[in-house]
Amino acid sequence: MQMKDEFKILCIDGGGIRGIIPSKFLSKLEDHISKQKGEETKLNEYFDLICGTSTGGIIAIGLGLGMTAKDIHKLYEENAIKIFGSPKTGFLRLIKQFFFPKHTRKNLNTILKNSFSIYSEDGDTRLGHSKTRLCIPAFNASTGNTVVFKTSHHKDYTRDYHIPAYQVALATSAAPTYFTPYEINYQQKKSTEKVNFMNMVDGGIFANNPSLIGLTEALALGYSFNQIKILSIGTGSTTITYPKQRKAFSSGARSWIDPFKGVPLIEVMMQSQSSITENIMKVLSQGVHHDNTERFVYHRFQDKFNHTDKIALDDTTSDKIKLMNSKGRSLFENANKELINHFFETKITPYQPFNNI
């Protein structure tokens, strides 16, 4: 295929309810670009590829289908408690968490299915209905393999575009201990063939920051480093340490799973993955200590929480919702607008999938 001068990628981290932060950032970005252009802006008109993991995968799929970031942000704010429930503590709840996931996905299933349904004529919206290319990571616990669900933007990508969009979103966001592994189960369009993927787990366990997946995908499609421009949005990070500097080797499994005395293992895994990916991307794009000529554009926007601001993946208290909105707003307001504006100088060439629904 003919290569264009640039290939623009939007990447969005995982982080549970902290998806409010990037959705707020992106909604402010939409307003900013809309004012500049004098017309309503949809982000899928400016990015050749959108990558998202977990909560970032939900946002990515929504944007790809044609939702505005403002609508996605509203979805998070209005449904936080429906998805995760009111914060609860206590001994019985702790005991329950040793044997069962913290939350049921019944409400999340309904919310995503209904929200995505309007982006297809018959309400049966599939990944292939996305108006731009998508890459959505997940992990198949039945086979032990990593998975990246993709739109049909290459002739060999024939597996995923039939999958219902809401099911891809539920698969990538099935965080261990928070939700049960998800079973993708659907019938292909215009066919009697039924497809099943058992035990899909949150992509954040290996690609919480999906920037490397976006970079790799662009290179696989034939683009060179100097054609690639990546805008990466995080969900906030915090320093996670053992309480009172307790010796790690003296503690057993409880120290990783006890919400009162321990360290949140899943958050440690996801946050550390995001951090190393950010470091790798900086080195690849700019060299060690920025001592090389920039080979591809990588701009990362991430906030850091102080200890008192710490927000769990399922924290739905009103003060934390307010804090996340404030973080997303200030993250955009303090961003270098010149760096951001380069992504919006021109719209992308409309995406043409190899296989249509």
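The values are calculated or read from the model by the stated rules, or taken from the named source; none is laboratory data. Note that this is a predicted model, so its numbers are computed, not measured. Note that each Cβ is placed from the backbone with ideal geometry, even for glycine, and that neighbours are counted across all protein chains shown. Side chains are part of the model used for accessible areas, which takes the heavy atoms of the whole protein and leaves out ligands, DNA and RNA. Shrake-Rupley method; radii C 1.70, N 1.55, O 1.52, S 1.80 Å.
The table that follows gives values for the structure above.
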| quantity | calculated |
| --- | --- |
| Nearest-10 value in Å² for the accessible area of residue 315, using the 1.4 Å probe | 30 |
| Helix-only mean residue ellipticity at 222 nm for the chain, each DSSP H run of n ≥ 4 adding -39500 (n - 2.57), per residue, nearest 500 | -11500 deg cm²/dmol |
| Radius 10 Å from Cβ of residue 175, net charge of other residues (Lys, Arg +1; Asp, Glu -1) | -2 |
| Amide proton proximity set for residue 298, modelled H, under 5 Å, gap of 5+ | 230 |
| Relative contact order [Cα under 8 Å, 6+ residues apart], the chain, whole percent | 25 |
| Accessible area of the chain divided out per residue, in Å², using a probe of 1.4 angstrom | 47 |
| Set 82/320; 150/190; 24/70; 82/102; 229/282 screened for pairs whose C-alpha atoms are more than 18 Å apart | 150/190 |
| Environment charge of residue 231, counting only residues whose C-beta is closer than 11 Å and scoring Lys/Arg +1, Asp/Glu -1 | +3 |
| Mean Kyte hydropathy of 0.0 or more with a Cα span along the axis of at least 20 Å, helices from DSSP in the chain | 265-286 |
| Candidate aspartates and glutamates - alpha carbon under 18 Å from residue 337, same-chain residues fewer than 8 apart omitted | 30, 31, 303, 345 |
| Proximal charge balance of residue 156 [Cβ under 15 Å; K/R count +1, D/E count -1] | +2 |
| Check: the chain dipole with +1 on Lys, Arg Cβ and -1 on Asp, Glu Cβ, in debye | 1000 |
| Sulfur and carbon atoms: percent of accessible area, the chain [1.4 Å] | 52 |
| The chain: C-alpha pair distances exceeding 32 Å, % | 28 |
| Burial ranking of peptide ranges 146-158, 222-234, 4-16, 188-200 (average Cβ count within 10 Å, highest at the top) | 4-16, 222-234, 146-158, 188-200 |
